[in-house]
Amino acid sequence: MLSSPWARFYSNSCCLCCHVRTGTIILGVWYLIINSVVLLILLSALTDPDQYHLTSAELGGEFEFMDDANMCIATAISLLMILICAMATYGAYKQHAAWIIPFFCYQIFDFALNTLVAISVLVYPSTIQDYLRQLPSNFPYKEEIMSVNPTCLVVIILLFISIILAFKGYLISCVWNCYRYINGRNNSEVLVYITTNDTAVLLPPYDDPANGAAKDPPPPYVSA
């Protein structure tokens, strides 16, 4: 029997110890907690701007760290992420495959962004030094990082990004396998046996022992 080349990557377990459905629930709850904490910090910054407001003098640049518009955008993104993570957790728990799709799309988008960052570092390695020069003078270990050989610094950053991409790719496969598992399980529960003439076959027996007589089978459903 021919099978899809991607079937070899399908597995019902993740992290070598738990089911993909359990892993998706744990991952959704973890993202939910992180985004909830971020939302609380953003709301605190909106209610008390002076506490989190960094001026251009403190940053050593000609820009502000966060203005009201950026804070509102970040808050809206955090709310959207909380909704997406809650949908994924609920979908994995209640076995609704469609609810997992938004979280899976977010993972693909996040993976694509990190891949673009890795490509930009590889194609334009000088941007790392430019970024380091723009950091505030009081940034921790700024001088030590800038003293590292540029080639070694690029290799270290690419290695770090590669590890992150590999981990994110594994999480994407776990969520995708969970979607396939739930989708296949739901489809198997509504499986209909079809004959060659496109009529449904009802499994025997049709006898009713309580009445001592055989019941007539209902007319078959003929598909359009």
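The values are calculated or read from the model by the stated rules, or taken from the named source; none is laboratory data. Treat the numbers as computed from the prediction; the structure is a model and nothing was measured. Neighbour counts are summed over all protein chains in view; Cβ atoms, including those assigned to glycine, are modelled from backbone coordinates with ideal geometry. We work out accessible area using only protein heavy atoms, side chains counted, and drop any ligands, DNA or RNA first. Shrake-Rupley method; radii C 1.70, N 1.55, O 1.52, S 1.80 Å.
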List, please: which pairs have Cβ atoms under 8 Å, are six or more places apart or on different chains, and start with a residue in the stretch 125-145 that is of a type in the set (Lys, Arg) and end with one that is open to solvent by less than 70 Å² (accessible area, probe 1.4 Å)? 133/146; 142/132; 142/135; 142/136
Please go through the stretch 104-133 and give me each residue that is β-branched (Val, Ile, Thr) and over 27 Å from residue 21 (Cβ atoms), ordered by number. 115, 117, 119, 121, 123, 127, 128
What number of residues within the stretch 98-123 satisfy the criterion of being surrounded by 15 or more Cβ atoms within 10 Å (Cβ to Cβ), among the aliphatic types (A, V, I, L, M) and in contact with a Leu (Cβ under 8 Å, 6 or more places away or on another chain)? 2
